[in-house]
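Next up is a structure, given as structure tokens.
The values are calculated or read from the model by the stated rules, or taken from the named source; none is laboratory data. Owing to the predicted nature of the structure, the values given are computational and were not obtained by experimental measurement. Here the Cβ is made from the backbone with ideal geometry for all residues, glycine too, and neighbour counts use every protein chain on show. The protein model used for the area step is the full one, side chains on, heavy atoms only, and it has no ligands, DNA or RNA in it. Shrake-Rupley method; radii C 1.70, N 1.55, O 1.52, S 1.80 Å.
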Amino acid sequence: MKVEYRVYLGIGIFVLIVTVVYFFWAKEYGGAMMLFGTAGLGLLPALYLGWWKRRMEPRPEDVEEATVAENRGAVGAFPDHTIFPFVLGIGAFLTALSLVFGPSTAVIGLALIVFAATSATLESRRGGTV
Amino acid sequence: MTIAEERSELAHEPEADAQHGPTGIYKWLTSTDHKVIGKNYMYTSLVFLMIAGAMAMIIRAQLVQPNGHIVSQQMYNELFTIHGSMMLYLFAGPFAFGGFANFILPLQIGAPDMAFPRLNALSYWLYLTGGTTMLMGFFVNGGAAAFGWVSYAPLSSYTYSPGPGPDLWIVAIILTGFSGIFTAVNLVTTAFYLRAPGMTMFRMPIFTWNMVVTGILILIAFPILTAAMVMLYADRHLGTHFFTVAGGGSPVMWQNLFWFFGHPEVYILALPYFGIASEIFPVFAKKPIFGYKGLVFATLAIAGLSTGVWAHHMYTTGTVLLPFFAALSLLIAVPTGIKVFTWIGTLWGGNLQFRVPLLFALGFLVTFTMGGFSGVMLASPPFDFAVHDTYFVVAHFHQVLAGTAIFAGFAGFYYWYPKLTGRMMREGLGKLQFWIAFIAFNMTFIPQYLAGLRGMPRRIPVYLVSDHVTFLNQVSSVGAFLTGFSFLIWLLNLWISWRRPIPAGDNPWDGHTLEWATSSPPPHHNFTSLPPIRSQRPVWDKNHPEYADYTTDHDGTPKKEVEPR
């Protein structure tokens, strides 16, 4: 986790330095704010990863001498196939189209989003196949 | 739902991917397998490439003669807008970042799938519907968006661009933007949390590293684009005045927001293709990559610097700090140069095998370097003032972006096609496609540099005989038509491979990285066994123990990684 943390930290600190230089040199607030926000986007994940790095033992994927046997067990639960991402995508598409063609498509779109999001959540809680 | 057993070292009979779960259209609609989604992305984005390429052919046909009349001026504006938007938002990024990354990244790190398979599937559907939305613009009253892929204010306001076409364009960008953000979250999380034991960050293949950095850049840049699109929509329909002077807004603010996304976007498009080339050069030079860590840090440096150069697209507005942006823009040439030298270093002294993937990768190297040099020229404000908004800029970004996406993209396609399908493509047709594409591509864009230096502005549907750019445009158009023809050869190659398959085997190129440790195509959840991961080239180590990148104990146990020879 150390390298992951340092990648984000490095980007955050670098952009923070650029922000300070830009702010005092250009004296332009819009660009400085965007750069400051970008520095935050680097530093926030860095804080999260750094917090976990201190509290975790090195994982097998962080250890150069680790063997496959050291990480035996379930990697995770992966759905094989499910219709709900497709339904959710179509719902988002119809909802977005309402910005162009009026609210009628949003009625169907939002209904599909609610149905698909609820069903996908229940599906993952059940843990069963689709 | 499958609980993936952790990376068994025991070999089983591979369960063919096609035999698992539903088949046909229902498989396509419901699959959450990263391999299926990756292929969906790849083939969809190639269809978008063909559509955008057809638009380019019409544009070049219009410019063959002075005062061309192939299409109306309004249609010309719509064509170059949607051509640019499709190439950038729907082909170049999704082909590599949605297609190759989805298929290859989990395989390269020994993972059974992406970290969030449902989110991955949703990303694809948002991408497909976003692309469809963009094309719908041609079928509504007033036509498609016609303000260029950068949609500058106030041209993109409702006053100057009325009708539903521009709104469809905005909605399309928002949908594909969310698709990109979801894919980025997925790829970064997968690379951070699903690596196989022993696959440390500094053993990840360069392709995977580049995808991680691209993912981080997407998470920085795409939310700003989405926010800017919402503001633009609000200006058009909700009475706000973010970008209209009359209401106290600022059109230049649009440029700042757009390019704060737009310049990292250039590297979001380029870095994945750099990763593809970085995989191909060592395999076909029979050497390890030269300067692995240098490449990784150069990629990170490019990512960091790319966030601070947005206003080099805005020199001529007169509102930006020229020395700051010129300095940072020139600085980007340093890590980019490191990459080019690293690739040359990898090839240097290698046992080069000029197969089709290497030819396309070399084509990328040449066109990208050429386009990169003109980019360094454009980073200088006095030069940019002279050629801003001319065909010089068009030639520059086509060489850098289209050259990268097409040559490195086809390099990757030929390289990984055996893994995707278990089949080989025909070598002779591939070489023919490469040579026609390489000559024709440069024939298209080198004359455009010269036309730009003679003052030919971009985005114009007509020019005069007295502009002295007729011959240059004719050469450029012939080059464009030949480039289009080269894609037909690729389609023929694909068709022959489909009708008369040549089995590829698991590792036809003697590849180095983990995707070549599994069957072609890979089984459900990717691996039935994994080799020990003791270096950046675990499959090479396994297949060539006498040249392995690590030392062993007297009993043959892997002991310590050594500097690559």
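Taking the mean number of other Cβ atoms within 10 Å as a proxy for protection, how do you rank B:264-273, B:349-358, A:7-16 from highest to lowest?
Details: B:264-273: 26.3, B:349-358: 16.7, A:7-16: 20.4.
Per-residue mean Cβ counts within 10 Å order the peptides as B:264-273, A:7-16, B:349-358.
I've got another one for you. Between the stretch B:534-551 and the stretch A:91-130, what's the alpha-carbon centroid distance in Å?
49 Å
In chain A, if every C-alpha pair distance is counted and binned at 5 Å from zero, what percent goes to each bin?
2, 9, 10, 8, 8, 9, 15, 15, 12, 8, 3, 1, 0
May I pose another question? Please list the equivalent ellipsoid semi-axes of the stretch B:236-377, computed as the square roots of five times the alpha-carbon gyration tensor eigenvalues, in descending order and whole angstrom.
Details: eigenvalues 300, 46, 28 Å².
Listed largest to smallest, the semi-axes of the stretch B:236-377 are 39, 15, 12 Å.
Kirkwood hydrodynamic radius for the stretch B:149-253: how many Å is it when counted over pairs of different Cα atoms?
Details: mean 1/r = 0.0629 Å⁻¹.
Computed over Cα pairs of the stretch B:149-253, the Kirkwood hydrodynamic radius comes out at 15.9 Å.
If you take the Cα Rg of the stretch B:101-146 and divide it by 2.2 N^0.38 Å, with N the number of residues, what do you get? Write out the running numbers ahead of the final one.
Values: Rg = 16.4 Å, N = 46, 2.2 N^0.38 = 9.4 Å.
With N residues counted in the stretch B:101-146, Rg over 2.2 N^0.38 Å equals 1.74.
Now, a different point. Can you give the average number of partner chain beta-carbon atoms within 10 Å of each beta-carbon in peptide A:14-24, as a whole number? Before the final figure, lay out the partial values.
Numbers: counts 7, 6, 0, 2, 7, 2, 0, 3, 6, 0, 0.
Shielding by partners across A:14-24 averages 3.
Oh, and also: Give me the mean projected area, in nm² to one decimal, of the convex hull enclosing the Cα positions of the stretch A:1-72.
Numbers: hull surface 22.6 nm².
Approximately 5.7 nm², given one-decimal rounding.
Looking only at other chains, what is the average number of their beta-carbon atoms within 10 angstrom of each beta-carbon in B:202-215? Walk me through the intermediate numbers first.
On the way: counts 2, 2, 2, 0, 0, 0, 0, 1, 0, 0, 2, 2, 0, 0.
Average per residue, whole number: 1.
Using only the Cα atoms, work out Rg/Rh for the stretch B:261-314, with Rh taken as the Kirkwood radius, to two decimals. Walk me through the numbers on the way to the answer.
Details: Rg = 13.5 Å, Rh = 12.4 Å.
On the Cα set of the stretch B:261-314, Rg over Rh gives 1.09.
Work out, in µm²/s and without decimals, the Stokes-Einstein translational diffusion coefficient of the stretch B:15-146 at 37 °C, 0.692 mPa s, Rh from Kirkwood over C-alpha pairs. Please list the in-between numbers first.
Numbers: Rh = 16.5 Å.
Translational diffusion coefficient: 199 µm²/s.
Any number yet on Rg/Rh for the stretch A:84-126, C-alpha, Kirkwood? Provide the component values of the computation, followed by the final result.
Numbers: Rg = 11.1 Å, Rh = 10.2 Å.
Rounded to two decimals, Rg over Rh is 1.09.
Apply the Kirkwood formula to the stretch B:79-229: the hydrodynamic radius equals the inverse of the mean of 1/r over all pairs of different alpha-carbon atoms; give it in Å with one decimal. Please report the intermediate quantities before stating the final value.
Details: mean 1/r = 0.0613 Å⁻¹.
With all distinct Cα pairs of the stretch B:79-229 included, I get 16.3 Å.
Oh, and also: So, with +1 on the Cβ of K and R and -1 on the Cβ of D and E, and no other charges, what is the size of the charge dipole of chain B about its Cα centre, to the nearest 20 debye? Mind dumping the intermediate values first?
Details: 29 positive and 27 negative charges, 141 e Å.
Value, rounded to 20: 680 debye.
What residue among A:30, A:107, A:89 has its Cα farthest toward the positive end of the dipole of chain A, where the charges are +1 on Lys, Arg and -1 on Asp, Glu, each on the Cβ?
So the residue we want is A:30.
In whole angstrom, and with the biggest value first, how far do the Cα coordinates of the stretch B:404-485 range along each principal axis?
Taking the Cα atoms of the stretch B:404-485, the three principal extents are 56, 20, 18 Å.
Out of the total accessible area of the stretch A:84-126 (probe 1.4 Å, heavy atoms of protein only), what percent is carbon and sulfur?
Details: 1730 of 2250 Å².
Roughly 77 percent of what the probe reaches on the stretch A:84-126 is carbon or sulfur.
Quick one: which residues, 5 or more positions from residue A:76 or on another chain, have an amide H under 5 Å from its amide H? H modelled 1.01 Å from N in the peptide plane, none for Pro or chain starts.
B:4
At the nearest 100 Å², what buried accessible area, both sides summed, do you get for A and B when the probe is 1.4 Å? Present the calculation step by step, with values, prior to reporting the outcome.
Values: alone 10250 and 22230 Å², together 26440 Å².
Roughly 6000 Å².
Please give the Cα centre distance for the stretch B:375-438 versus the stretch B:112-176, rounded to the nearest Å.
First find each Cα centre; the distance between them is then 24 Å.
Over the stretch A:84-126, give the accessible area per residue in Å² for a 1.4 Å probe, as an integer. List each step's numbers first, then the result.
Working: 2250 Å² over 43 residues.
Per-residue accessible area for the stretch A:84-126 comes out at 52 Å².
Continuing with the same structure: I need the per residue convex hull volume for the stretch B:343-427, using only the alpha carbons, in cubic angstrom as a whole number.
On the way: hull volume 9.0 nm³, N = 85.
It comes to 105 Å³ per residue, whole-number rounded.
If you place +1 on the Cβ of every Lys and Arg and -1 on the Cβ of every Asp and Glu, how big does the dipole about the Cα centre of the protein assembly as shown come out, in debye to the nearest 20? Write out the running numbers ahead of the final one.
Working: 39 positive and 37 negative charges, 113 e Å.
With only Lys, Arg, Asp and Glu charged at Cβ, the dipole is about 540 debye.
Compute the length gained on full extension between residue B:389 and residue B:377: take 0.36 nm times their separation in residues and subtract their Cα-Cα distance, giving the result in nm to one decimal. Don't skip to the answer; put the middle values down first.
Working: separation 12, 0.36 × 12 = 4.32 nm, distance 1.44 nm.
Between residue B:389 and residue B:377, full extension yields 2.9 nm more.
Cα atoms only: what Rg and Dmax, in Å, come out for the stretch B:27-499?
Expressed in Å, the Cα Rg and Dmax of the stretch B:27-499 come to 21.4, 68.
Something else: Please compute the net charge surrounding residue A:9, taking Lys and Arg as +1 and Asp and Glu as -1 over other residues with Cβ under 14 Å from its Cβ. Write out the running numbers ahead of the final one.
Details: positive: A:2, A:6, A:53, A:54; negative: A:4.
My count for the surroundings of residue A:9 gives +3.
Let me ask something else about it. Calculate for the protein assembly as shown the 222 nm mean residue ellipticity that helices alone would give, adding -39,500 (n - 2.57) per DSSP H run of length 4 or more and normalising by residue count, nearest 500 deg cm²/dmol. Write down the numbers at each step before the final one.
Details: 21 runs with 421 residues, N = 695.
Value at 222 nm, helices only: -21000 deg cm²/dmol.
Near the amide H of residue B:550, under 5 Å away, which other amide H atoms are found, from residues 5 or more places off or on another chain, if H is placed in the peptide plane?
HN-HN under 5 Å from residue B:550: B:562.
Okay, moving on. Could you order B:229, B:370 by accessible surface area, starting with the largest, using a probe radius of 1.4 Å? Write out the running numbers ahead of the final one.
Numbers: B:229 0, B:370 70 Å².
Output order, biggest surface exposure first: B:370, B:229.
Please quote Rg/Rh for the stretch B:181-318 to two decimal places, taking the Kirkwood radius as Rh and restricting both calculations to Cα atoms. Please list the in-between numbers first.
On the way: Rg = 19.0 Å, Rh = 17.0 Å.
Expressed as Rg/Rh, it is 1.12.
Could you tally the net charge around residue B:473, taking each other residue with its Cβ under 15 Å from the Cβ of residue B:473, Lys/Arg +1 and Asp/Glu -1?
Details: positive: B:60, B:454, B:458, B:459; negative: B:467.
Computed value for this residue: +3.
Still on this structure, please answer the following. With viscosity set to 1.306 mPa s at 10 °C, what whole-number translational diffusion coefficient in µm²/s follows for the protein assembly as shown from Stokes-Einstein and a Kirkwood radius over Cα pairs? Please list the in-between numbers first.
Working: Rh = 26.0 Å.
Translational diffusion coefficient: 61 µm²/s.
Moving on. Provide the net charge surrounding residue B:500, with neighbours chosen by a C-beta distance below 11 Å and charges set as Lys +1, Arg +1, Asp -1, Glu -1.
Working: positive: B:423, B:426, B:499; negative: none.
Neighbour charge sum, excluding residue B:500 itself: +3.
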